[in-house]
Structure formats: C-alpha cells, structure tokens
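Heads up, the thing below is written out as structure tokens.
Just so you know, all these numbers are worked out from the coordinates, no wet-lab data involved. Computed from a predicted model, the values in this text were never measured in an experiment. Here the Cβ is made from the backbone with ideal geometry for all residues, glycine too, and neighbour counts use every protein chain on show.
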Ligand code: GLU
C-alpha cells in the first residue's frame, strides 16, 4: 500500500491546534473550526476558440461566517483543487480576524491555466463560473475578490454576470474592481502596502535597518511588485527576484521599477539586463536579510528551511511555509511575519471598497492609506504582544488572536 500523503488542509490545521491548546479550547470547538460551513463545486462547459467544448471545474468554499459574510479571492491556476480551496478559505477566516475586519473566510478557484486561454475563452469561462456561483455569493453572504492570476477585468465580468442574474447593481458583491465601477483607490497596491507597513513595525521591534538590507523575493506579481518598490525607496537592496518562469540575481541590487517594465514587456523576469540567472526556488535560500515568499503555498519546507539565511521572512504568499519548516525557522531564530498578517492589506482594502460601495461615497488615496496603516499597525502589535506574552512563534500568536475572536463570535451567536 502506498504511503498516505497528508493533505494541505490537514497540515494547515496544525497552527489552529497549537492556538487551541493555548486558549484551552475543547475538542468539539476545534472540530467546528476545522470544518467548512459550505462548499460548492461547479462544472463549467466553455466553447473554446477552436469550436470544441472543454469542461472546467470550479469551487467556492465558505469556511466560517460567525464574524461576518465569507470573504476571499478567486484563483485561476492548474493547482486549484478542493484541498487547496479548503485551506485558502480557512486561512481567510483567520486573516480577517487577525486584522479585525468583519468577515468570515471564503475562497474560490477554477482549475485552469489562464496563460493558455485567449481573452475570449477567459471571459466565457469567468462568466460561466459567475453564473454558477451567483446564488451562493452576495454583499452580505460571500464577497469574492482576486487571487493568483485573476484581475480587475475578471472581477468586472463576474459583477456584470451577477447584476444580470439579480437584476440590480450591487457593487459590494465583489471587490478589487476597476475604479470606474466602484473600485477603491489603493486596492491594486494594497497587499504590498500592507506587507510594507507590517515590515516597518517588525524591523523597529527587531532593530534591523531597512537601509541597505538585502531582500530576496520569490514571486513577482501583484503583491511583490509594490512591496519591492517601497523597500527600494527606503534604500533596501533587492538582490534576487524570481517568478513562475525564471529568476534573476544581482548582489548590488536590482531596480524594481525597471524590472516591472521588463516583466510587463516580456511576461517574465528572465534576461533582465545586468543580472545572473537563478532558479525560481533560489531566492528562498540565497544570502539575504529579508526573504519575501510571494508566490504559492509550500515553498519553505523540511528540505530547505535550514538553508534560509534571512533574519526576517515576510509571507506575502498564502501558506508558503509548512508547519515543520516553521518550527525549524523558529528554532533558528528567524522572525516570520505570517501570511495571515503580512498579506492582510489586500483584503483590508477590499473591506474599505465594500464599505465605500455600501455608502456610495468614495475616499481619497490618502484616506485609504492612512486607514490601512492603522489597521496593519494595530494587528501587528496585537500579534506581537501575544508572541511576547505566550512565548510562541508569530504564526501561533496570530492564530491565538484570531481564533479568540472567531470563538467569541460563535459563542455570542450561540453556535457553540
Ligand atoms: N486574495 C487575497 C487574499 O488572499 C485578497 C482577498 C480579498 O480581497 O478578499 O487575501
């Protein structure tokens, strides 16, 4: 018999169990938190450009809605499966509680490679998915947003399909839309901006200087690009960057603005002038002060955690570190700003967008930025205080603060 591989979701429950032990929660409460309220699986037949029909599979999972409607992105990637969507939606419940925004956790996705689809195929796939999840989502039910490989345009198609089905213009049903249809200022850079605010607090607490700090980044999308720019502006040196296709290295630093232009033109960081080629995994173990995993889950593992050279890890990706690797990093004194805190800026500005949609009144860039900074700073210090008091790693500390809030809400509703 072949050895049973543990699922990502089962693995992802470990920090919850650690937090539950600290909070002295009973096993039945842990069981509720380890279960999803609702999961929808849909099949989407799409007429491809060659005239053939291809059937895609999509999901939408709502993990826990005790603190508010489900909230979280939609991912388009070949790795999307039920196990991944379950993990991602549960992480959203934790993340939304860490930053104290009034949402539960949700996530969706379609198993596909959007890079192989024409724009027409992408639109038909998106509209088909939107029609199938329309009755499952809603302003006060479940509010999607982008995630890996999904864009403001895709949000617009989903909104349009939803409005047609419901017969009403309800922009708060989805966030990270274009500004012209009710998007929020600052949403496009929010994940990077939030990670930057959390990093500023961490380096103060750890007494690290960002000026001259060597930064290594895995993943160069929506989250990492603005973060690289903010750190570069403060005088940090971006020494390595990789994306899903290639990696580049320069010990003297890479200009992130020029690299973004190069990537926009060529669709890859590959061949950026003045750099040496590295692999997509190399940024994890290269010599640096700050490591930013900003790609997919399960990147820092038992295999490479002991080779991480950074003093500070800022998790812009969801779930980049496995529980075993987490322990190795903690034992080696590496300080981790966990995903559920580090990348929460995105969903926080999604929340601001939803609030503005409900009011029909829109804020300036400065207002959004100032509010985001306040949320991130408070969340960082809540988690950091728990880290100091409970003498645990930062991830366990984040789960302790989040799980406490979710359990209070479930108890106030009489669900437990
Ligand atoms: N996909 C992002 C995340 O993982 C944003 C979710 C949202 O804005 O709802 O946090």
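Relative contact order for segment 257-334: what is it in percent, counting Cα pairs under 8 Å that are at least 6 residues apart?
Answer for segment 257-334 is 26 percent.
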*So what are the three principal axis dimensions of segment 261-416 from its Cα atoms, in whole Å, longest to shortest?*
54, 41, 25
*Please find, in a Gaussian network model of the chain (springs between Cα atoms separated by less than 10 Å), the residue of 120, 104, 72 whose mean-square fluctuation is greatest.*
120
*asked:* Please arrange 376, 410, 166 by how many other C-beta atoms lie within 10 Å of their C-beta, fewest to most.
replied: 166, 410, 376
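Could you tell me how many cubic angstrom of Cα convex hull volume segment 80-233 has per residue?
Hull volume normalised by residue count: 142 Å³.
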*Which of these, 49, 188, 306, has the largest mean-square fluctuation under a Gaussian network model of the chain (Cα springs below 10 Å)?*
49
*Proxy reagent accessibility, fewest Cβ within 10 Å first, across 395, 124, 332*: 332, 124, 395
*With no solvent and one equal point scatterer placed on each C-alpha of the chain, evaluate the Debye formula and give log10 I(q)/I(0) for q = 0.12 Å⁻¹, two decimals.*
-0.96
*Which value, in Å to one decimal place, does the Kirkwood hydrodynamic radius take for segment 302-344 when every pair of different Cα atoms is included?*
10.4 Å
*When a footprinting reagent is the concern and you count Cβ atoms within 10 Å, what order do 262, 63, 381 take, fewest first?*
381, 262, 63
_Which of the three applies to segment 2-54, rounded, prolate or oblate, going by the alpha-carbon gyration tensor with a ≥ b ≥ c and a/c under 1.5 meaning rounded?_
prolate
*Answer rounded, prolate or oblate for segment 223-277, using the Cα gyration tensor with square roots of eigenvalues a ≥ b ≥ c: rounded when a/c is under 1.5, else prolate when a/b is larger than b/c, else oblate.*
oblate
